[in-house]
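Asks: Before I ask anything, let me first share the structure, which is written out below as structure tokens.
Nothing in this text is a laboratory measurement; each read-out follows from the coordinates by a stated rule. All values reported here derive from a predicted model rather than from experimental measurement. Here the Cβ is made from the backbone with ideal geometry for all residues, glycine too, and neighbour counts use every protein chain on show.
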Amino acid sequence: MSFDLISGVVKPLITGFGITAKRLARKKVTVQYPEKRREQYDRTRWRHALVRHDDGLEKCIGCSLCAGACPAKCIYVEAEDNTDENRFSPGERYAVRYEINMIRCIFCGLCQEACPTGAIVLKKDFELANYKREQFIYTKKMLLESKRPE
Amino acid sequence: MPKRIETVVMHDSTTPVIGSTQKAGNIILTSMDALINQVQANSLWPLTFGLACCAIEMMSTAASRFDISRFGSEAFRATPRQADVMIIAGRVSKKMAPALRQIYDQMPEPKWVISMGACASSGGVYNNYAIVQGADQIVPVDVYVPGCPPSPEALIFGILKLQEKIKRRKYNKVLELKPRTQEDISVESAITREGALNEF
């Protein structure tokens with residue numbers, strides 16, 4: 001059996017390693033996640049947050065429209081009346097309890113669309129994994145943004 | 001040099017012990033803990049167990065852009081006998097549940113489970129007769145990763161959480177060489193049954 005050294009061994013080796021050499025010159029694709037983070041897209045939807053007005057009052061008025069819009073039924077809202085001494089939101093009522101079951105939530109953003117005051121916003125914080133089921137019931141205290149310093 | 005018979009003593013570190021030999025045994029055990037944990041945490045071989053759309057994100061986690069081989073989990077195994085961690089990626093239907101349990105039982109100890117996505121963790125939007133409302137009704141879950149589906153970074157965060165959990169493990173209690181009695185088994189099964197009931 002005749003065997004051509006050039007076309008049988010050297011040429012395929014050069015073609016094969018040529019691809020490797022070309023790839024070496026390219027930009028590295030891997031995102032070094034825990035050290036560096038890639039930029040999230042504009043419409044990325046992750047962890048919810050309840051936002052406030054500029055004067056520090058809560059935007060949420062406890063209307064439960066988000067709970068109605070939620071396809072996974074993971075939002076629970078309990079409303080109560082505002083009084084002049086105890087004012088949480090500018091409207092008539094405010095949410096006394098606001099709970100989201102993060103493990104059932106599918107981050108579709110329908111709550112954000114349904115909210116008439118723009119109180120609930122889906123932010124880009126995706127590091128939500130945890131060990132116990134109970135840790136995924138996010139209460140109002142966890143969701144509400146802290147007051148801005150005056 | 002006097003000849004001395006050394007005994008390896010496995011005991012709780014809080015128990016007071018007499019004699020240097022026993023103390024030395026304990027020191028060896030604790031440093032072995034760290035070594036074993038480090039080795040196990042950094043070579044978590046996942047089981048190929050994609051059930052639905054979450055599997056697509058699991059695949060892209062393994063691909064070059066996110067690349068879980070940086071954490072030693074690139075070797076997806078097609079057989080439970082060679083896997084350390086089961087990533088339940090997708091909704092578990094009631095028909096799939098016995099198979100899931102069987103595959104979990106076939107995995108060698110030590111084994112861990114990551115429940116990936118809303119459907120595997122709790123049923124998600126599928127609150128109906130066909131879908132198991134949380135894979136933890138069938139197998140013990142170590143880490144839940146919310147999201148629909150979780151992005152590759154979120155899954156990597158879950159894997160890192162699991163590694164943290166493994167590194168925290170202590171062997172003092174695990175290495176007890178006492179055979180389990182019938183009483184222990186009945187107590188354990190009662191606890192699991194209670195846990196399953198609380199879900200409803």
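Asks: Taking 25 Å as R0, compute the FRET efficiency from the Cβ-Cβ separation of A:E145 and A:K73 and round it to 0.05. Numbers along the way, then the final one.
Replies: On the way: r = 25 Å, r/R0 = 0.98.
Calculated transfer efficiency: 0.50.
Asks: I would also like to ask the following. Per-residue Cβ counts within 10 Å, from other chains only, averaged over B:134-143: what number is that? Spell out each step's value before the answer.
Replies: Numbers: counts 3, 0, 2, 0, 0, 0, 0, 3, 1, 4.
Mean number of neighbouring Cβ atoms from other chains: 1.
Asks: As an exercise, use a Förster radius of 45 Å and the Cβ-Cβ distance of B:S43 and B:Q182 to find the FRET efficiency, rounded to the nearest 0.05.
Replies: About 0.80, to the nearest 0.05.
Asks: Across the residues of B:58-70, average count of Cβ atoms on other protein chains within 10 Å?
Replies: For peptide B:58-70, the averaged partner shielding equals 2.
Asks: Taking a quarter of the surface of the convex hull around the Cα atoms of segment A:48-143, what do you get in nm²?
Replies: 6.2 nm²
Asks: With springs only between Cα atoms under 10 Å apart, run a GNM on chain A and tell me which of A:Q32, A:Q135, A:Q112 wobbles the most.
Replies: Its mean-square fluctuation being the largest, the pick is A:Q32.
Asks: How many partner chain Cβ atoms sit within 10 Å of a residue's Cβ in peptide A:101-112, on average, as a whole number?
Replies: Values: counts 4, 6, 13, 12, 7, 9, 6, 2, 0, 0, 0, 0.
Averaged over the peptide's residues, the number is 5.
Asks: Compute the relative contact order of segment A:48-143 as a whole-number percentage, counting only Cα pairs closer than 8 Å that sit 6 or more residues apart in sequence.
Replies: Working: 165 pairs, mean separation 32.3, N = 96.
This gives 34 percent for segment A:48-143.
Asks: Further question: What is the extension gain from A:E80 to A:K132, computed as 0.36 nm multiplied by their sequence separation minus the C-alpha to C-alpha distance, in nm to one decimal?
Replies: Roughly 15.7 nm would be gained on extension.
Asks: In nm, give the distance between the simple-model label positions of B:D105 and B:A78, each being 7 Å from the Cα along the Cα-to-Cβ direction.
Replies: Output for this residue pair reads 2.5 nm.
Asks: Using r as the Cβ-Cβ distance of A:T117 and B:A130, and R0 as 41 Å, what FRET efficiency do you calculate, to the nearest 0.05?
Replies: After rounding to 0.05, the efficiency reads 0.65.
Asks: Using unit Cβ charges (K, R positive; D, E negative) and no other charged atoms, how large, in debye to the nearest 20, is the dipole of segment A:48-143 about its Cα centre?
Replies: So the dipole magnitude of segment A:48-143 works out to roughly 500 debye.
Asks: Roughly speaking, what is the centre-to-centre gap between segment A:1-48 and segment B:119-148 when only Cα atoms are used, to the nearest Å?
Replies: Here the two parts' Cα centres lie 37 Å apart.
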